[in-house]
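One structure below.
Please treat every number below as a calculation from the coordinates, not as lab data. From a predicted model like this one, the values you see are computed outputs, not experimental measurements. Note that we place each Cβ from the backbone using ideal geometry, even for glycine, and neighbour counts take in every protein chain shown.
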Amino acid sequence: MTTPVAILMGSDSDFERLEPAVKTLREHGVDPVVRVLSAHRTPAEACQFAESARENGFRVLICAAGGAAHLAGVIAAHTSLPVIGIPLDNAPLGGLDALLATVQMPGGVPVATVGAGRGGPINAALLAIRILGVADPDFAKRMDDFRTQQHDRVLEKDAAIQARL
């Protein structure tokens with residue numbers, strides 16, 4: 001079986017902003033497949049990837065795009081796998097256009113959408129792991145451990161602030 005998660009982006013110029021998603025997935029035991037596939041410039045290849053994703057062992061597809069941001073919707077239209085859309089915060093509208101294009105899917109074509117900006121790629125990776133955790137206790141435990149680590153870090157930071165006062 002291949003890795004259970006693929007990250008698709010509309011342009012290679014998006015990769016730098018998606019590296020936190022790759023890093024987060026790897027920290028939790030997933031080495032994702034990362035591809036450049038455009039809803040507009042390589043539609044046949046994007047659709048073929050989506051249509052064969054399940055038989056190729058994928059369980060969750062993460063799609064990032066800015067501007068018109070049709071990639072997640074096109075992928076979701078061609079698979080029954082969970083699709084997570086990351087609207088990229090490109091100029092001139094700061095990601096609002098991508099957010100609306102990603103979140104406003106017609107009924108019957110669901111795309112889970114995370115926020116535009118720095119948190120989006122990390123949250124997409126964490127959501128993918130949570131989805132995997134529904135059927136895989138190892139991933140569920142990783143997310144439980146992650147939540148505990150976040151909790152402990154916040155309390156440590158609070159204690160450090162309190163000590164400064």
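Observations on the structure shown:
- Those helices (runs of 4 or more DSSP H) lying entirely in the stretch 1-120 with at least 2 residues touching a His at 6+ places or on another chain (Cβ under 8 Å) and surrounded by fewer than 22 Cβ atoms within 10 Å (Cβ to Cβ): 43-52
- Screening the candidates ASP152, ASP145 for the property of being more than 23 Å from GLU19 (Cα to Cα), surrounded by 10 or more Cβ atoms within 10 Å (Cβ to Cβ) and not β-branched (Val, Ile, Thr) yields one hit, ASP152.
- Test result for ASN123, surrounded by 14 or more Cβ atoms within 10 Å (Cβ to Cβ), free of Cβ contacts under 8 Å to residues at least 40 places away in the same chain and in a loop (DSSP other than H, G, I, E, B): no
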